[in-house]
Amino acid sequence: QKEVEQDPGPLSVPEGAIVSLNCTYSNSAFQYFMWYRQYSRKGPELLMYTYSSGNKEDGRFTAQVDKSSKYISLFIRDSQPSDSATYLCAMARGGGGSNYKLTFGKGTLLTVNP
Amino acid sequence: DAGITQSPRHKVTETGTPVTLRCHQTENHRYMYWYRQDPGHGLRLIHYSYGVKDTDKGEVSDGYSVSRSKTEDFLLTLESATSSQTSVYFCAISGSGTLDGYTFGSGTRLTVV
């Protein structure tokens, strides 16, 4: 079993839909949970990160972490065509200062249709 | 990408030849990382550095070596390139104390023929 599992999709939704993206993980040592957005032929850019369990909201994006179930989610409200990209979940152990060695999911390709 | 530059952006090389990819940062961050991205595998850590001349292996380090002689430069070398090393290589930097500062470069697309 891989440490981080993510459904690669592809996922296609109409503009304005609520999008739910998910990852599961097996390593209970993970403390930091991140979502990256990657446009075609670009580097990943950090959308949000959460430390430990709980919810975090930033505009149209909400990240949720359930450590008891080893499950994380990213919700996108009022999705826009500009949200079309690959979304990567990533995780890191704590205790390393600023040394974060990230473990990634495979990424989910999202297309938002106008 | 602000503060981090990868070169070259694209490279085609022959099997068996050595290849060096460069990552240059202007953020003065302590930590630098090399990842590779392949379809069906996502991003995987190759090597990382926690200071000048201080490096360590990541998940997929076989066939790769790294060097960091200056804070701003982190080099990834494929000693003898193989077709399995055809990939997109990303450099990342970290050091601001939070994950907000974890930044990726634009990538180097390497093809080994």
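Here is how the numbers come out for the structure above:
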read-out	value
Net dipole in debye of chain A [+1 Lys, Arg Cβ; -1 Asp, Glu Cβ; about Cα centre; nearest 20]	360 debye
Normalised convex hull volume, chain B, alpha-carbon set, Å³ per residue	93 Å³
Selected from B:PHE90, B:THR26, B:HIS10, residue furthest toward positive end of dipole (chain B; charges at beta carbon)	B:HIS10
Shielding by partners, peptide B:37-46 (average Cβ within 10 angstrom, other chains)	5
Cα centroid separation - region B:22-45 against region B:56-85, whole Å	11 Å
Total charge dipole magnitude, the protein assembly as shown, about the Cα centre, Cβ charges on Lys, Arg, Asp, Glu only, Debye to nearest 20	260 debye
Relative contact order for chain B, counting Cα pairs under 8 Å that sit 6 or more residues apart, in percent	35 percent
Spin-label model distance (nm) - A:LEU11 vs B:ASN28, 7 Å beyond Cα toward Cβ	4.0 nm
log₁₀ of I(q)/I(0) at q = 0.22 Å⁻¹ - region B:57-113, Debye sum with one point per alpha carbon	-1.04
Neighbouring partner chain Cβ atoms per residue of A:31-38, average, 10 Å criterion	2
Inter-probe distance in nm under a simple model that places probes 7 Å from Cα toward Cβ, at A:ASN27 and B:THR77	2.8 nm
Proximal aspartates and glutamates relative to A:LYS42, as straight alpha-carbon distance under 15 Å, when same-chain residues fewer than 8 apart are discounted	A:ASP83, B:ASP1, B:ASP38
For residues of A:71-83, the mean tally of beta carbons on other chains within 10 Å	0
Mean projection area, nm², convex hull over Cα of chain A	7.0 nm²
Hull volume in cubic angstrom per residue (convex hull over the Cα atoms of the protein assembly as shown)	120 Å³
Using θ = phi - 60° and Karplus 6.51 cos²θ - 1.76 cosθ + 1.60, couplings along region A:72-77 (whole Hz; Gly, Pro as x)	10, 9, 10, 10, 10, 8
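Throughout, read-outs are computed from the coordinates displayed, never taken from laboratory work. Everything numeric in this text was worked out from a predicted model, so none of it was measured. All Cβ positions, even for glycine, are placed from backbone atoms using ideal geometry, and neighbour counts span all protein chains on display.
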